[in-house]
Structure formats: structure tokens, C-alpha cells
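Have a look at the structure below before the remarks.
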Amino acid sequence: MIQKTRIHLLNSNQLQNKSYVLYWMQQSQRVDYNHALEYAVIESNRVNLPLIVLFCLTPDFPDANYRHYEFMAQGLIEVKKSLHERGINMFMVNGDPVKEVVLVALNAALLITDRGYLRLQRQWRMNVAAAVKCAMIEIESECIVPVETVSSKEEYTAGTLRPKIQRLLREYLVPLKHNSVKRDSLTAKCDAALFPASTKEIIRLVKPNMTVPAVKWLSGGYIAASERLSSFINHKLDKFGSLRNDPSMDYSSGLSSYIHFGQISTLQIALEVNKTHSPGKDVFLEELIVRRELAYNFVWYNKNYDSYKSLPSWAANTLETHRTDTRKPWYSETQLEKASTYDPYWNAAQREMHIRGKMHGYMRMYWGKKLIEWMSSPADAYAFALYLNNKYELDGRDPNGFAGVAWCFGKHDRAWKERPVFGKVRYMNASGLERKFDIDAYVSKIEAL
Ligand code: FO1
């Protein structure tokens, strides 16, 4: 079932007398648990036209490099195969979506897309909707509860968002079934379309910035994501509540990169986890639903989500009051990027991100806090944290990444006892890591990479 609140008309155009229904797949790069795809299937059956799916490779996606395109391409090749098994043809184009999607939509009776939450994704959709002749409909599939249904404003903390989401879960935490396709599109024609059959071909088309290598330990796509999900439920979920924060252990789900590219749906993950009676279930669902959808609320309602200006006034004011406090030591951006500080824990975290494209969740907080301490101003620290996160993390350039960086500077948190440099923003230090964890074991693990 596709709840009405997931459906948004992006223009007031009519259905056109053309040859196909077009689904521009962008955010939700998957075949299972994709409300936009199912809606497109239902509509194409209703108007008795074949459905074709289009993905637009955008070579200059902000801050993206080879590491990210490789992972995304692995997923797309799988999507193409799975769509084919359902009788749906998938085409790709390469370039600016506003130009490319509009061209392919010239022959579309109806254009469907999924919802994207970041500024650029929203601009793309607005511009495409204004340029096409056919009706364009957006279906929200990335949030378990649609972002505007949960709340009509930016929320202060998880505490204010949680009850609003929880009371809607009964309605939204429900399975989504495949609809069968009446008219297949396997022989449908689409001008200007490309058919890359391998990740290599996709990379050849995109020609990404090659400065950051692909990761070796994780490959993209729904199959790998589903295997990871089962293995997480079977082997890690029970201890997730007690051990997820320990950097020397590996109790995270490892799903965030797949979620970032829409390769697996959080709705599917939540339903699978919900079936268990595991003691880790509630803590996991809090992170997967409440914390993640708080990040979506943040990027949706705060137009400065990728800037220091996004901070609540108490945090901005207290950091400003302490802006001229002495920073000692002080590191240059090069020293930081090369993980050459005096702090072995921070260096290990930076190295982990650099090599694996994924820093342990607890270390992400410590890592961000130290930038406040070591850089010339909090605004510089904020911009640099985002730069590193977006460049190296597989799941950077994402609402969770923007909210995670903002949290280090006080967003979604409360005021603490005032101290130098941080003011009332929460402080974290190395002795906390030493007290709580076998942090040297974490350092050794990273040194061995
Ligand atoms: N979306 C696209 O529609 N086309 C792309 O070529 C593309 C590249 C890309 C590279 C890195 C990255 O992090 C995201 C990228 N995205 C692309 C968007 C992505 O799939 C998500 O929709 C957004 O990042 C939102 O989180």
C-alpha cells in the first residue's frame, strides 16, 4: 500500500498521449521496498503503458569521487538485472539530470520520481517539473514516516521528534509488496539512453575524480546489503545495545553506506529487526528510525544544514564567546588530513575513515569534537569536518552526515558546563575513551589495516 502522504504532485500538467511511463530513479536505488517504483508500476498498469526506469549518472555530484561512484555503480548494475526480471527496462543517461531527464521525458505520458531531501536533489526535481510537458509525481520512500507528516517544523532534539514518529509507526511500519507488470518494457525504445553493463563501464562514462580509492572490504548493492542485514541480526543485534559504542569491537550493522545510496530500505530493515525478540532491538530501531529521521527533518527544514549557520543560537553564541580562546596545539588542515596529530586515537579514527570509508560511530563524535579544539575557529572546524566526511566516508553527503557533524557543535544536544574553547557545547576527551574502552585495541586494529 502506498500511503497518500507519500505522494506529492510536482506540477499541474496532465497525462500526455505518449509511449511510456517514466520512473526517474534517483534517491531510492533499489527494486525492493521502493514506493516510487511500485507507484510507477501501478500507474503504468492503469494507463496501459510500459514502464521504463531511468537513472541519470551525474559526473559532478558534489564532493563525490571514485570511491563513491564505484559503490553506487555496483548497486545500479544489480538494480538493472532485478528490474529486467520484473519485465522492466532500465536506461541510464550521463550528465545534468535537469537536461537529461527532461529529454527522456519528452516521450513520457507521466513522470514519477522518488523524493530527495538535500538542496541539490530538491532543485533538480523542481527544475525538471517546471520543464516537462507531462505530469510529474514524487513518491517519498526514504523515510519510514514521510518527513512532513512527522512534523511541520525543524525539531530541537530526538526527544521532541520521538513521540511524533512513534505514534505514526503503526500506520507506516508496514510491508510493501511487488506489483506485477502488465506490459513489459523489455523492447521499449528510449532515445539517448545508455546501457552500461558493468561497473567499469559506468566509471568510464562518469570519469570521476580518482584521488580516493574504492574500499576493499565492502561492495555495493542490494544482495550484499541483505546478507549484511541477516548476518547482523544473527550475530550482532543481541549485543548492539551494550557494545555498539565500543570502537575496539565491531557491533555496528555496516548498513549505512547501502542506506545512503538507497540500495536497501530502512523500512525493510526495521521490519526484519522488529520480527526478532532481541535485546538490542529497541536501541537499534531508535538509531535507524528516530535518529536517522531527525537528520532528515534537519536537512528538510534547515536551509543551512551544510553550514555552521545551522546551529541553534545557544551553541552559536557560546562558541562565539570562546572563539578567541587559545587553541593549543593548533593543526593545519594538511596535518589533520594526514592523521599527524599527537593523539593516537584521533589519528586512528582519521586513518580508519581514509582507508575504509567508514569511521566507527563513537569515534565520529570524538573526531569532530577534537577539530573544534585544534582548529583556528569553530566555523573552520565545521567546514573542515564536512569536507573530510564528504570526501572519505562512503555514507558522507547524506542527511545523517550533515546532522552528525552539526551534533558535534551542539545541534540536537543540550548545553553542558561551560569550559574553554567549547563553551557550553559538550566536550569529549581521550581519558573518556581510555576509561570506557580498550582504546589501544582500536588503535592496533586500525594500524593493521
Ligand atoms: N545521484 C544520482 O542521481 N546520480 C549520480 O550519479 C549520483 C552520484 C552520487 C555520488 C556520491 C553520492 O554520495 C551520491 C550520489 N548520488 C547520485 C546521490 C545519492 O544517490 C543520494 O540520493 C544522495 O546522496 C542523498 O543522500
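Bear in mind that the values in this text are calculations on the coordinates, not laboratory data. The model shown is predicted, which means the values in this text are computed figures rather than measured ones. Neighbour counts run over all protein chains shown; Cβ positions are idealised from the backbone, glycine included.
Distances over 18 Å make up what percent of all Cα-Cα pairs in the stretch 308-447?
On the way: 5098 of 9730 pairs.
Value for the stretch 308-447: 52 percent of Cα pairs lie more than 18 Å apart.
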### Task
Would you mind calculating the gained length between residue 330 and residue 418 on full extension (0.36 nm times residue separation, minus the Cα-Cα distance), in nm to one decimal?
29.6 nm
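Viscosity 0.890 mPa s, temperature 25 °C: give me the Stokes-Einstein translational D for the chain in µm²/s, with Rh taken as the Kirkwood radius over C-alpha pairs.
On the way: Rh = 22.9 Å.
The estimated diffusion coefficient comes to 107 µm²/s.
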### Extreme residue, positive dipole direction of the chain, given options 311, 145, 254 (C-beta unit charges)
145
### Query
Hey, got the dipole for the stretch 308-447? About the Cα centre, +1 on K and R Cβ, -1 on D and E Cβ, debye to the nearest 20?
300
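Given Cα pairs under 8 Å that are at least 6 residues apart, what percent is the relative contact order of the chain? Working shown, then result.
On the way: 770 pairs, mean separation 86.1, N = 449.
The value is 19 percent.
Take every DSSP beta bridge with both residues inside the stretch 41-197 and express the antiparallel ones as a percent of the total, to the nearest 5.
Numbers: 1 of 12 bridges.
Beta bridges within the stretch 41-197, antiparallel portion: roughly 10 percent.
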#### Entry: Cα Rg, Dmax, the stretch 192-253, angstrom units
17.2, 53
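Using 0.36 nm per residue of separation minus the Cα-Cα distance, give me the extension gain between residue 201 and residue 444 in nm, one decimal.
Numbers: separation 243, 0.36 × 243 = 87.48 nm, distance 3.79 nm.
Gain on stretching residue 201 to residue 444: 83.7 nm.
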### Query
Just how large is the dipole of the chain about the Cα centre, in debye to the nearest 20, putting +1 at every Lys and Arg Cβ and -1 at every Asp and Glu Cβ?
480
## Note on the structure
Expected sort for 151-158, 393-400, 92-99 on mean C-beta neighbours within 10 Å, highest first, is 393-400, 92-99, 151-158
### Message
Past the 15 angstrom mark, what percentage of all C-alpha to C-alpha distances in the stretch 1-70 do you count?
### Response
65
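Over the chain, what is the percentage of antiparallel beta bridges among all DSSP beta bridges, to the nearest 5? Present the calculation step by step, with values, prior to reporting the outcome.
Details: 5 of 26 bridges.
Restricted to the chain, the bridges split so that about 20 percent are antiparallel.
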## Note on the structure
Residue-normalised 222 nm signal for the chain, counting each DSSP H run of n ≥ 4 as -39,500 (n - 2.57), nearest 500 deg cm²/dmol, is -13500 deg cm²/dmol
